[in-house]
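Participant: Next up is a structure, given as structure tokens.
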Amino acid sequence: MLDIRIEKTKNPKAKPDESKLGFGKIFTDHMFIMNYTEGQGWHDPRIVPYQDISLSPASMVFHYGQEMFEGLKAYRGADGKARLFRPIMNARRTNESNKRLVIPQLPEEDFVQAVSEIVRVDQDWIPTAPGTSLYIRPFIIATDDFLGVAPSKTYLFIIILSPSGAYYASGLEPVGIWIEDDYVRAVRGGMGFAKTGGNYAASLIAQVKAHDDGYSQVLWLDGVERKYIEEVGAMNIFFKIDGKIVTPMLNGSILPGITRNSVIELCKSWGMDVEERKVSVDELIEAQKTGKLEECFGSGTAAVISPVGKLRYKDDVMIINGGDIGPVSQKLYDTITGIQGGTVADPFDWVVVL
Ligand SMILES: *Cc1c(COP(=O)(O)O)cnc(C)c1O
């Protein structure tokens with residue numbers, strides 16, 4: 001149990017207009033911060049006014065990218081209560097990322113306590129309009145001022161909060177996705193399964209290429225054969241092929257999404273066949289030709305479910321379900337957002353009411 005010192009701001013900011021939130025641009029009044037020092041462990045947990053941090057230009061994170069991050073949300077339920085969705089999963093994934101990046105382990109209960117406490121302090125910042133939420137960004141950075149290549153001996157664990165707007169302003173909207181056949185995001189043995197900035201740095205060039213061509217996101221292929229589907233930039237990917245729900249299996253280069261796990265659990269509970277396995281682009285093209293590619297959607301905390309209406313691979317453009325939202329995508333979206341908002345039963349006990 002952390003003994004968190006709380007210092008409230010003397011200058012609370014004006015709350016933003018909920019119709020103009022966007023994503024990741026507005027920050028709340030406070031932040032959580034805690035230090036790690038080798039020999040001492042994690043120490044000095046505190047909630048302080050949101051502020052700049054001062055670091056030596058030699059801080060290791062700037063040079064070799066030793067850092068990790070998480071992303072989750074707090075939701076304002078119809079009953080006015082604040083809710084978190086499966087925060088223990090983010091705590092576990094934090095330690096998986098930490099292990100890969102040689103960052104010290106953080107006790108799961110401390111992670112959940114820190115997230116819960118900072119959200120409680122700034123709970124008036126959880127927006128109330130439909131589809132809006134308070135995005136929570138925990139992250140850890142290596143702070144030794146040292147240019148040698150080695151794991152840092154000091155770290156900062158910080159949590160910042162950002163009220164975010166409805167991902168879909170006017171209902172679910174299918175997106176176009178670019179299957180990248182040149183650049184790769186990660187390979188097995190690398191750090192694709194970890195939530196770390198370096199994976200995103202590696203992805204930007206393909207994202208720019210896809211945007212220039214009018215596609216909203218990149219779908220990555222495996223880094224070795226460039227044949228098998230991996231995941232989208234910040235989402236996992238699902239297909240409905242001939243009545244079955246199919247998603248690439250976790251193989252070390254794919255991020256194990258919490259929304260992905262929730263989709264699998266829900267589909268199984270509805271009696272659907274769910275397959276986690278290798279999915280090749282060729283299989284998709286073939287399924288599309290024979291009319292068996294029924295739906296495609298991404299899953300992630302930001303959008304929850306993102307229906308895919310169009311997939312491009314080289315010169316092939318596949319239009320899926322006539323470019324419309326499929327029934328499974330819609331049902332998943334309604335169910336998960338309903339559970340998060342407290343309007344749909346929560347049979348798996350996923351929600352933590354603050
Ligand atoms: C965070 C992330 C996801 C989605 O994970 P969720 O836990 O569902 O939000 C998928 N892919 C990548 C690369 C990610 O960073």
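Participant: Most mobile of D324, D145, D315 per a Gaussian network model of the chain (Cα springs, under 10 Å)?
Facilitator: Fluctuation is largest for D315.
Participant: Moving to a separate point now. Order of V121, V263 from fewest to most other C-beta atoms within 10 Å?
Facilitator: Neighbour counts put them in this order, fewest first: V121, V263.
Participant: What does the highest-first list of 34-46, 296-308 look like by mean Cβ count within 10 Å? Kindly include the intermediate steps, with their values, before the conclusion.
Facilitator: On the way: 34-46: 14.5, 296-308: 25.1.
The most tightly packed comes first, giving 296-308, 34-46.
Participant: Of Q66, Q105, Q51, which has the largest mean-square fluctuation in a 10 Å C-alpha GNM of the chain?
Facilitator: Q51
Participant: For the stretch 171-239 and the stretch 30-70, what is the separation of their Cα centres, given in Å?
Facilitator: For the stretch 171-239 versus the stretch 30-70, the Cα centre distance is 29 Å.
Participant: Please work out, to two decimal places, the log10 of the ratio I(q)/I(0) at q = 0.09 Å⁻¹ from a Debye calculation in which every Cα of the chain carries one identical scatterer.
Facilitator: -0.52
Participant: Kindly provide the helix-only [θ] at 222 nm of the chain, computed as the sum of -39,500 (n - 2.57) over DSSP H runs of four or more divided by all residues, to the nearest 500 deg cm²/dmol? Present the calculation step by step, with values, prior to reporting the outcome.
Facilitator: On the way: 7 runs with 85 residues, N = 354.
About -7500 deg cm²/dmol.
Participant: Can you list the residues, at least 5 places off or on another chain, whose amide H is less than 5 Å from the amide H of E295, using H built in the peptide plane?
Facilitator: Here the answer is K240, since their amide H atoms fall under 5 Å of that of E295.
Participant: Would you give the gap between the C-alpha center of the stretch 277-305 and the C-alpha center of the stretch 124-147, rounded to a whole Å?
Facilitator: 31
Participant: Relative contact order (percent) for the chain, with alpha-carbon contacts under 8 angstrom and 6 or more residues of separation?
Facilitator: 18
Participant: Per residue of the stretch 299-307, what does 6.51 cos²θ - 1.76 cosθ + 1.60 with θ = phi - 60° give for ³J(HN,Hα)? Whole Hz please, x for Gly and Pro, Karplus curve as stated.
Facilitator: Taking θ as phi minus 60°, the curve returns 10, x, 4, 4, 9, 6, 10, 10, x Hz for the stretch 299-307.
Participant: Among E67, E231, E276, which one shows the biggest mean-square fluctuation in a GNM of the chain, springs joining Cα atoms closer than 10 Å?
Facilitator: E276
Participant: Taking a cut-off of 25 Å between Cα atoms, list the lysines near K73, but don't count ones fewer than 8 places away on the same chain.
Facilitator: K8, K13, K15, K20, K25, K81, K99, K195, K268, K331
Participant: Work from the charge dipole of the chain (Cβ charges, +1 for Lys and Arg, -1 for Asp and Glu, about the Cα centre) and give the residue of S280, A210, A91 farthest towards its positive end.
Facilitator: The one lying farthest along the dipole's positive direction is A91.
Read-outs: derived from the displayed coordinates by stated rules, not from any lab. Since the structure is predicted, the reported quantities are computational estimates derived from the model, not experimental observations. Glycine gets a Cβ as well: all are built from the backbone with ideal geometry, and neighbour counts include every protein chain shown.
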